[in-house]
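The values are calculated or read from the model by the stated rules, or taken from the named source; none is laboratory data. Only a predicted model underlies this, so the values are computations on that prediction, with no experimental measurement involved. Virtual Cβ from ideal backbone geometry, glycine too; neighbours counted across all protein chains shown.
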Amino acid sequence: MNNIIELKERLAELNNQTNNFVDEFKKLLPMNPRHQLSPSLLGYFTHSINVTTEKKEESILFGGFHIKNLSANTINDLYLCLRIDTVNQYDFSGKFRSESSSLKSQAMEVTWERFNNSDDEKELWFRLGEDKQLNPFEKISFPDFHLTWENKDPFSCSIVGFVYSEYEKDGVPSSNTINLKIQK
């Protein structure tokens, strides 16, 4: 009988100790909100290239940028910066709406909106459209962008992506880049 009473007392003591540890952890977590709230974001490119040998035709890169939320947090403010480093002329297009677009009034479903966030002309900035979010453990894409260039001269460029959110204000660089060097 004494063993049972001693065992119950020991269990009560351990429960109190566990509760004290949990309370202490709860006090410490808000002191470092980055560990509590910071999502793990993974950004990466997929792409293919169609290079022509005809001087009067354009070569094209078909690309997509994908963002995976590896956390249990819902991300409401999601931004994408594509930095295109080149000295060559190119055209960039894709499935996005610009801030000045008259398409805003139309009932067109757009996931991404382009906006100016930098004086650096090498940076293209996009934000997730209104009423859009990246749910926990889901993926969202910036699909079907096109980079075209004339086939007159050699062409080289480097494209790097950065993902920003309300949790990642300093940005998360893409896990891969696109690097092209086309010689004539």
Checking D153 against (1) assigned to a loop (DSSP other than H, G, I, E, B); (2) under 15 Å from L61 (Cα atoms); (3) among the acidic types (D, E), the condition it does not meet: (2)
Just for the range 64-87: of the residues that are touching a Ser or Thr at 6+ places or on another chain (Cβ under 9 Å) and among the hydroxyl-bearing types (S, T, Y), which one is modelled with the lowest pLDDT? S71
Of (1) in a strand (DSSP E or B); (2) in contact (Cβ under 8 Å) with a residue 24 or more places away in the chain; (3) of a type outside the set (S, T, Y); (4) on the phi < 0 side of the Ramachandran plot, N179 satisfies every one except (2)
Within the range 112-148, which residues are β-branched (V, I, T) and either closer than 20 Å to Y90 by Cβ or surrounded by fewer than 16 Cβ atoms within 10 Å (Cβ to Cβ) (or both)? T148
The range 1-50 - residue that is within 30 Å of G171 (Cα to Cα) and of a type in the set (G, A, S) and, of those, modelled with the lowest pLDDT: S38
